[in-house]
Amino acid sequence: MGEGGIVLSIAGFDPTGGAGVLLDTKIFSLFGLKGAGISTTLTLQNTSEFQGWEGVNPEYLKRSLELIFSDLPIKGIKIGMIGTSENAEIIGEFLKRERNKISWVVLDPVLKATLNYDLFSSSDFIKILKSKIFPFVDIVTPNIYEAEVLAEKSIKKKTHLSEIAERLINLGVKAVIIKGWQSSSFIWDFFFDKNKKVFLKKKKLSGNFHGTGCAFSSALLSYLMYGFDPETAFKKAKNWLYLKLKKAEKEKIGGKLWLFL
């Protein structure tokens, strides 16, 4: 990493290690970066079922952020599951205060678990996420469902992705990556900023993968920290993830999900 510093994951805690803070810090290490992590939520799950989650105490989150920022040279932040409106407010306040010291902020707006469980507490959570956190984010990486919720518009055609991405850009982020537009044989990911639109197509893989959004956004941040521009970092992170998933197809661990790291 050219400028030194540490990358921080602010995300949920998945005890399987297949997503959230545990996975993010693993990926930072794989890329040769020093990683730290703060949990926003505690989940109750294994590879077969998701039974629930709870947000960490807001005071705990606030003090954790204060301690980490007072002690470590944080240069990159990946934000995943936040869960509660109170904790979204706290993270927004910290980003506002510390943003000028941070090179890159990537937000993976985790709103639903792979096992189809809502991961945010109330309707005002989305409003706070967009008003208090988006203005301090460089790249946001929603999947199709998350993009629809955030933009308040359904995506019926691939051509709708540009309009959705533009709505999100207008909320203050610098670039948008919408993941997972599907046809019968392929999956497209869409990169959009004020200068460029890029589609990346990959052949569909079999298997029920867990933590792919966390893995992608952490790899994306890692490439950004090494000096790649957002479009190049997007392509590199997607290619890296695809190779990992191809390998994981052959290695089923646990119940219903494939853990690939």
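Listed values, structure above:
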item	result
Sites matching chymotrypsin sites (Phe, Trp or Tyr not before Pro) across the range 184-251 that sit in DSSP coil, with at most 15 neighbouring C-beta atoms within 10 Å	Tyr226
Enclosed volume per residue, in Å³, of the convex hull spanned by Cα atoms of the chain	114 Å³
Linear extension gain, Glu231 paired with Glu152, 0.36 nm per residue minus alpha-carbon span	25.9 nm
Longest segment of the chain lacking GluC sites (Glu not before Pro) that sit in a DSSP loop with at most 15 other Cβ atoms within 10 Å	50-151
Sites matching trypsin sites (Lys or Arg not before Pro) across the range 170-252 that sit in DSSP coil, with at most 14 neighbouring C-beta atoms within 10 Å	Lys174, Lys194, Lys196, Lys204, Lys250, Lys252
Whole-number accessible area per residue in Å² for the range 6-251, which is evaluated in the context of all protein chains at 1.4 Å	44 Å²
Lys, Arg +1 and Asp, Glu -1 on Cβ, resulting dipole of the range 6-251 about Cα centre, debye, nearest 20	1180 debye
Long-range amide H partners of Gly37 with built H, under 5 Å	Ser9
Beta bridges per DSSP with both ends in the chain, % antiparallel, nearest 5	50 percent
Prolate/oblate/rounded call for the range 115-176, Cα gyration tensor, a/c under 1.5 rounded	oblate
For the range 1-143: rounded, prolate or oblate by the Cα gyration tensor [a/c cutoff 1.5]	oblate
Integer Hz, Karplus 6.51/-1.76/1.60 couplings in order for the range 73-85, x for Gly and Pro	x, 6, 10, x, 10, 10, 10, x, 4, 10, x, 10, 4
For the chain: relative contact order, % (alpha-carbon pairs under 8 angstrom, 6 or more apart)	18 percent
Solvent-accessible area, 1.4 Å probe, carbon plus sulfur percent, for the range 6-251	51 percent
Helix-only [θ]222 nm of the chain, DSSP H runs n ≥ 4, -39500 (n - 2.57) each, per residue, nearest 500	-11500 deg cm²/dmol
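The values are calculated or read from the model by the stated rules, or taken from the named source; none is laboratory data. Quick caveat: nothing in here was measured; it's all calculated off a predicted structure. Every residue, glycine among them, receives a Cβ derived from its backbone with ideal geometry; neighbour counts consider all protein chains shown. Note: areas computed on protein heavy atoms with side chains; ligands, DNA, RNA excluded. Shrake-Rupley method; radii C 1.70, N 1.55, O 1.52, S 1.80 Å.
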